[in-house]
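The values are calculated or read from the model by the stated rules, or taken from the named source; none is laboratory data. For clarity, every value in this text was computed on a predicted model and none was experimentally measured. Cβ sites come from the backbone with ideal geometry, for glycine too, and all protein chains shown count toward neighbours. Keep in mind that these areas ignore ligands, DNA and RNA; they rest on the heavy atoms of the full protein, side chains included. Shrake-Rupley method; radii C 1.70, N 1.55, O 1.52, S 1.80 Å.
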Amino acid sequence: MNKTFEKLAPWLFVVVLFAVWEAACRLLAVPTVILPAPSVIFGAFQRFWGPIVSNSFVTLWTTMAGFGLSVAFGLFLGLVVGWSRAIYRGFYPVMIGFNSIPKVAVVPILVMWFGIGEVPAILTAFLISFFPIVVNVATGLATIEPELEDVLRALGASKLDVMRKVGIPRSMPYFFGSLKVAITLAFVGTVVSETVAANSGIGFLMSQAGANFQMPLVFAGLIALAFEGIIMYAATAWLEQRMTGWAFRSQGSAGN
Amino acid sequence: MIRLDQVSLAYAGRTGPVLALDGTSLSVGVGEFAAVVGPSGCGKSTLMKLVTGLIRPTSGSVSVDGAEVSGPVKIAGMAFQNANLLPWRTVTENILLPLEIVEPYRGQFRAKKDEYRARVENLLSIVGLRGFGDRFPWELSGGMQQRASLCRSLIHEPKLLMLDEPFAALDAFTREELWCVLRDVWQRLNFTVILVTHDLREAAFLADTIHVMSARPGRIIDTRKVDFARPRELDICYEPAFTDLVHVLRNKIAEVRKA
């Protein structure tokens, strides 16, 4: 009984949320231009199904492209930075500085360079999401137990050996953990860029609809975004569980 | 086998240079079981790093197996207080790790993997872990992890085994059990051992020679031969000669702690 409730709870919560929203809109007679009721939004979904799906698809692939770039680059940079303390210390302030720039501010520059379209969206997604990957991979490498490194070095292991046998496998949970953060950020980056400068994508669709006071469509876009975000997050969480299950299981270890 | 001649080691601390070892001399023969005891912070772990070539002495000389140490010695196995097994590898794969690094095993690793696995199986049964090879480290108790760690330090048949308080984190019963495991492995495989420990009974039960170190900066201030007949049983821990030896060592250490 309790178990089934636990399983159903997330769905139940969503249903209740929408029910309360619907009821509030009707009882308080909230104008549709302020906050459309879920039923109205659903109507917009039906009416604009074609554009919503095609624009969602654009947002999805630009996000994935940016995310893919940031995985490749973040992994590479993380390995380089984690390799030695000197690089780590030299590079860190630059990274922090770069990361603290709000990426919306970069979009106009990207538009100047690449024009309006998917490229700025992909690059914004990339720029906003590679940082946590770099930091996590570097941290995983930098926190190898010194004793274990002694064991290996006393055997004549090179730095490369230590990294291959211990450092890299050890940083994998950090890496896959950071993917969950990165995918969410990449998605934010894409939508921000689409809202500012694009001619397709959910962000573009929403800003167009907003300009035309089509609030139901704006909210439909919002819900489409939430849906896509959940799917992508779930996919990376699944990947993490799949690839580094040992890191989760070892927390419940039998040993001292 | 091992000679330390007037070895000093200083390193840069936060408030200036710290002298960890000062004029330490020590020699350990081939196949000898040597224990090093002393108050905490006396530079015992520094001694281990010097012998394995992980650090170079500031002055004096360290030689292992007749040659001056100028880099990692490669003939040593090491085990520490923490088992430090890799959680993503099974016990067998953990024990195989040194063979993936040390030549000549490294070059033949793929070709001879089955042979090496058989060797792991053999070691596991010596330390009483038969059948646990396919488990993951976190499925094992602390004592079992330490047994596996011991196997890992022995798999490449090192001539020298360096142990840094390997049993310090275990409960008293498990510890005594592992003393016997170590005793048996040593008697079967005949390597040289340097055991760094706080536990005087452990040193007296296992070692041929016990070296007592002074407080920092560390020096060997006393060396005692332990001539209880081998093989030793745990019962000797309760014989007067044994308790006398432990008592003498205890007083020595109390003395240097005060000084």
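Given H placed 1.01 Å from N in the peptide plane, which residues other than close sequence neighbours of B:Thr192 have an amide H under 5 Å from its amide H? Answer set, sorted by chain and number: B:Gly31, B:Leu160, B:Leu161.
Taken about its Cα centre, chain A carries a charge dipole of about 260 debye when Lys and Arg each add +1 at the Cβ and Asp and Glu each add -1 at the Cβ. Quick check on segment B:61-137: take the gyration tensor over C-alpha atoms, sort the square-rooted eigenvalues as a ≥ b ≥ c, and tell me if it's rounded (a/c under 1.5), prolate or oblate. Since a/c reaches 1.5 and a/b is larger than b/c, the shape of segment B:61-137 is classed as prolate. For A:Lys159, the aspartates and glutamates whose Cα falls under 17 Å of its own Cα, not counting residues fewer than eight places away in the same chain, are A:Glu145, A:Glu147, A:Glu149, A:Asp150, B:Glu100, B:Glu103. Average accessible surface for segment B:136-230: 35 Å² per residue, computed with a 1.4 Å probe over protein heavy atoms with every protein chain in place.
Structural descriptor for chain B: relative contact order 27 percent, calculated from alpha carbon pairs under 8 angstrom and at least 6 residues apart. Once the gyration tensor of the Cα atoms in segment A:1-105 is diagonalised, the equivalent ellipsoid follows with semi-axes of 44, 22, 17 Å, ordered largest first. Candidate membrane-span-like segments in chain A, meaning DSSP H helices with Cα atoms spread over at least 18 Å of their own axis and a Kyte-Doolittle mean of -0.5 or above, are A:2-27, A:49-83, A:85-99, A:118-142, A:168-196, A:215-243, with no membrane implied. Accessible surface comparison of B:Thr90, A:Thr63, probe 1.4 Å, protein chains only, largest first: the order is B:Thr90, A:Thr63. A cut-off under 14 angstrom between Cβ atoms defines the neighbours of A:Leu60, and their net charge, with Lys, Arg +1 and Asp, Glu -1, is -3.
Over the protein assembly as shown, the Kirkwood radius and the radius of gyration, each from Cα atoms, give a ratio Rg/Rh of 1.15. Here is the size of segment A:125-256 from its Cα atoms: Rg then Dmax, 21.0, 70 Å. Between the listed residues B:Val185, A:Leu127, B:Thr52, the Cα displaced farthest toward the positive end of the dipole of the protein assembly as shown, a dipole computed from Cβ unit charges relative to the Cα centre, is found at A:Leu127.
In terms of distances greater than 27 angstrom between alpha carbons, the cross-link table entries B:Lys44/B:Lys112; B:Lys74/B:Lys258; B:Lys44/B:Lys252 yield B:Lys44/B:Lys112; B:Lys74/B:Lys258. Against chain B, whose longest principal axis is taken from its Cα atoms, helix B:172-189 shows a tilt of about 80°.
Surface calculation, 1.4 Å probe, protein heavy atoms: B:Lys225 sits at approximately 150 Å² accessible. Rg then Dmax, both in Å and based on the Cα atoms of segment B:136-217: 13.2, 41.
Once you reduce segment A:100-148 and segment A:1-70 to the center of their Cα atoms, the two points are 29 Å from each other. Solvent-accessible surface of protein heavy atoms, probed at 1.4 angstrom with all chains present, puts B:Phe242, B:Phe136 in the order B:Phe136, B:Phe242, largest first. Working note: Cα gyration tensor of chain B, eigenvalues times five, square-rooted, sorted largest first, giving semi-axes of 30, 23, 17 Å. Computed with a 1.4 Å probe over protein heavy atoms only, the accessible area of A:Glu22 comes to about 30 Å².
Working from Cα positions, state the angle (0 to 90°, nearest 10) between the long axis of helix B:113-126 and the longest principal axis of chain B. With rounding to tens, the tilt is 60 degrees.
Rounded, prolate or oblate: pick one for chain A, where a ≥ b ≥ c are the square roots of the eigenvalues of its C-alpha gyration tensor, a/c under 1.5 means rounded, and failing that, prolate if a/b is larger than b/c, else oblate. It comes out oblate by the Cα gyration axes.
In this view, the solvent-accessible surface of B:Arg3, computed with a 1.4 Å probe and all protein chains in place, comes to about 140 Å².
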